[in-house]
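*Asks:* Quick one: the structure is below, and I'll ask about it shortly.
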């Protein structure tokens with residue numbers, strides 16, 4: 001995956017980050033229903049608004065709006081990701097996709113990361129100081145200044161993982177979906193990397209408490 005490729009930013013109605021987001025030329029932004037409020041708070045004027053607009057409470061007007069019925073098989077965030085895929089994007093950052101009042105939506109968004117991987121895309125769920133990314137046959141690297149916790153969870157039956165430069169290293173270790181062995185690893189001041197050799201892995205980054 002080209003780390004310099006344009007990004008599709010998707011905004012949902014869950015807990016979101018604070019501050020201001022700066023999008024680059026070529027990036028694309030979609031607000032899914034109540035995610036419009038989060039996008040505005042982060043200083044982003046979405047390129048497209050879509051959803052059934054039950055959480056927003058009203059239907060926005062304009063040419064950049066797509067309205068869907070409440071009775072549908074896909075969540076608003078999944079519809080937003082489909083829109084990005086149809087426009088050629090393969091890198092996704094989803095804000096407001098964690099937390100919120102309904103745990104079911106967080107679980108749905110974790111599954112959404114696997115669905116994006118099936119489309120040869122990479123998605124990251126972004127919350128308040130934390131991120132969740134699904135890795136499949138991929139290596140990610142972190143600079144020596146990285147701090148906080150990283151947790152590694154098999155997003156399926158098993159994942160074969162190597163982790164270097166962390167407090168609890170792995171060398172082609174086998175993580176399973178039945179035992180949370182990879183929770184609360186730590187960066188330790190040097191360059192670090194995580195490689196997934198087989199299977200799917202949820203990589204969770206969190207700040208120190």
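*Asks:* Determine if region 137-148 includes at least one residue that is outside any loop (DSSP other than H, G, I, E, B), exposed (fewer than 15 other Cβ atoms within 10 Å of the Cβ) and either outside the structural domain of residue 122 (by TED's automatic domain parsing) or in contact with a helix residue (DSSP H, G or I) (Cβ under 8 Å, 6 or more places away or on another chain) (or both).
*Replies:* Looking for residues that are outside any loop (DSSP other than H, G, I, E, B), exposed (fewer than 15 other Cβ atoms within 10 Å of the Cβ) and either outside the structural domain of residue 122 (by TED's automatic domain parsing) or in contact with a helix residue (DSSP H, G or I) (Cβ under 8 Å, 6 or more places away or on another chain) (or both), one finds at least one in region 137-148, hence yes.
*Asks:* Continuing with this model, one more query. Could you say whether any residue in region 73-84 is without any contact (Cβ under 8 Å) to a residue 12 or more places away in the chain and either assigned to a strand (DSSP E or B) or within 19 Å of the chain's Cα centre (by Cα) (or both)?
*Replies:* yes
*Asks:* Here's something else I'd like to know. One residue is enough: does region 51-60 have a residue meeting the conditions assigned to a helix (DSSP H, G or I) and crowded, with 17+ Cβ neighbours inside 10 Å?
*Replies:* Taking region 51-60 first, the residues assigned to a helix (DSSP H, G or I) are none.
No: region 51-60 contains no residue that is assigned to a helix (DSSP H, G or I) and crowded, with 17+ Cβ neighbours inside 10 Å.
*Asks:* State all residues of region 67-92 that are loosely packed, with under 14 Cβ neighbours inside 10 Å and closer than 17 Å to residue 8 by Cα; if no residue qualifies, say none.
*Replies:* Residues satisfying the conditions are 86, 87, 88.
*Asks:* Counting only residues that are assigned to a loop (DSSP other than H, G, I, E, B) and in contact (Cβ under 8 Å) with a residue 24 or more places away in the chain, which one in region 152-176 is nearest to residue 109 (Cα to Cα)?
*Replies:* Per the stated criteria, the residue is 155.
*Asks:* Restricting to region 103-127, name every residue that is exposed (fewer than 12 other Cβ atoms within 10 Å of the Cβ) and at negative phi.
*Replies:* Here is the first cut: in region 103-127, the residues exposed (fewer than 12 other Cβ atoms within 10 Å of the Cβ) are 103-104, 107, 118, 120.
Within region 103-127, 103, 104, 107, 118 qualify.
The values are calculated or read from the model by the stated rules, or taken from the named source; none is laboratory data. Here the structure is a predicted model, which means the values were calculated and not measured. Glycine also receives a Cβ, built like all others from the backbone with ideal geometry; neighbour counts cover every protein chain displayed.
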